[in-house]
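The values are calculated or read from the model by the stated rules, or taken from the named source; none is laboratory data. In this text, all values refer to a predicted model and were calculated from it rather than measured experimentally. Cβ placement follows ideal geometry from the backbone for every residue including glycine, while neighbour counts extend to all protein chains displayed.
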2 protein chains.
Amino acid sequence: MAAPNVYDSACSARLALELIASKWAMLILPALSAGPMRNSALLRKIGGISQKMLTQTLKDLERNGLVIRRDMQTVPPHVEYSLSKLGASLSEALITLDLWAERYSDDLDAARGRFDAGLRP
Amino acid sequence: MAAPNVYDSACSARLALELIASKWAMLILPALSAGPMRNSALLRKIGGISQKMLTQTLKDLERNGLVIRRDMQTVPPHVEYSLSKLGASLSEALITLDLWAERYSDDLDAARGRFDAGLRP
DNA sequence: CTGTATCCAGCTCGATACTG
DNA sequence: CAGTATCGAGCTGGATACAG
């Protein structure tokens, strides 16, 4: 049997990569690493996300076993989302990436400035 | 001054995150971590990528200072792409993610199977 | 070999309105 | 509070043809 390989477009590892390679997944999972959160709290924490994308991404993550949805069955509704063990292991790697983005965003800005300036001398 | 924060949609760190949160970037940068590669070699290595997306993503990565483009100025053309120091530091984090995808793709498959089965009992 | 240019089908995603 | 449903503008990205 072939080993899983992200470079193979027919491999299920590629599917996994495509699930991860999403702006919202890369924010939702790390957000949940601090503990369970409710829909409204995530909506507040993650700037720019719409209710639609939050619901959609959470459902996708739940479907893939990364996020656990816990409905308290109360009125008014109280639903909590948390990381599964698998989700927690992924979240660690994503946090590294988020931190990288925060640490080097200035360098990227500068590089863009230089590149764009060089195009019209 | 506010610290860079990926959760803030107006922060340039979010821009950085969106650059990274791309299926192709997550494959191209790790591919280059083994050493410089040519356009055709990347096209062969990365299954499913089109010439258009390869060119487009490489240009975007170059613009942000992550990839260095070296044109040998020969006929026929010989162009090599390599990682900048910044790109190399990002590539490490991306490789971790790629390895995660390869290691756990089976678990994701299984979770999806269970989830989808539970929806039609 | 390493691109560029163009077309356009299909998907994404925000906005809005509504429900239990 | 936590969603669902629907619409449609705009972006994405593959296919194809062409170029230095």
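Here B:Asp116 meets the list (1) modelled with pLDDT under 95; (2) surrounded by 21 or more Cβ atoms within 10 Å (Cβ to Cβ); (3) acidic (Asp, Glu) almost entirely, failing just condition (2). Quick one: in the range B:20-50, which of the residues that are under 17 Å from A:Ser22 (Cα atoms) and more than 7 Å from chain A (Cβ to nearest Cβ) is surrounded by the fewest Cβ atoms within 10 Å (Cβ to Cβ)? The qualifying residue surrounded by the fewest Cβ atoms within 10 Å (Cβ to Cβ) is B:Trp24. Which ones in the range A:26-58 are more than 11 Å from DNA strand D (Cβ to nearest atom) and over 22 Å from A:Leu15 (Cα atoms)? Selection gives A:Ala31, A:Leu32, A:Ser33, A:Ala34, A:Gly35, A:Lys45, A:Ile46, A:Gly47, A:Gly48, A:Ile49. When the residues of the range B:59-109 are filtered to those that are assigned to a strand (DSSP E or B) and either free of Cβ contacts under 8 Å to residues at least 40 places away in the same chain or at the interface with chain A (Cβ under 10 Å from one of its Cβ atoms) (or both), the one that is farthest from A:Ser12 (Cα to Cα) is B:Asp71. Of the residues making up the range B:38-58, those that are more than 9 Å from DNA strand C (Cβ to nearest atom) and outside any helix (DSSP H, G or I) are B:Ile46, B:Gly47, B:Gly48, B:Ile49. Of the numbered criteria (1) free of Cβ contacts under 8 Å to residues at least 60 places away in the same chain; (2) surrounded by 15 or more Cβ atoms within 10 Å (Cβ to Cβ), the one B:Thr55 fails is (2). For the range A:2-14, the tally of residues that are surrounded by 15 or more Cβ atoms within 10 Å (Cβ to Cβ) and more than 7 Å from chain B (Cβ to nearest Cβ) stands at 2.
Applying the criterion of being part of a helix (DSSP H, G or I) and of a type outside the set (A, V, I, L, M, F, W, C) to the residues of the range A:11-30, the residue that is nearest to B:Gly47 (Cα to Cα) is A:Arg14. With respect to the conditions (1) buried (at least 21 other Cβ atoms within 10 Å of the Cβ); (2) away from DNA strand C (no atom under 11 Å from the Cβ), A:Leu99 falls short on a single one, namely (1). Take the conditions (1) in contact with a Pro (Cβ under 6 Å, 6 or more places away or on another chain); (2) within 23 Å of A:Leu108 (Cβ to Cβ); B:Ser105 misses just one of them, which is (2).
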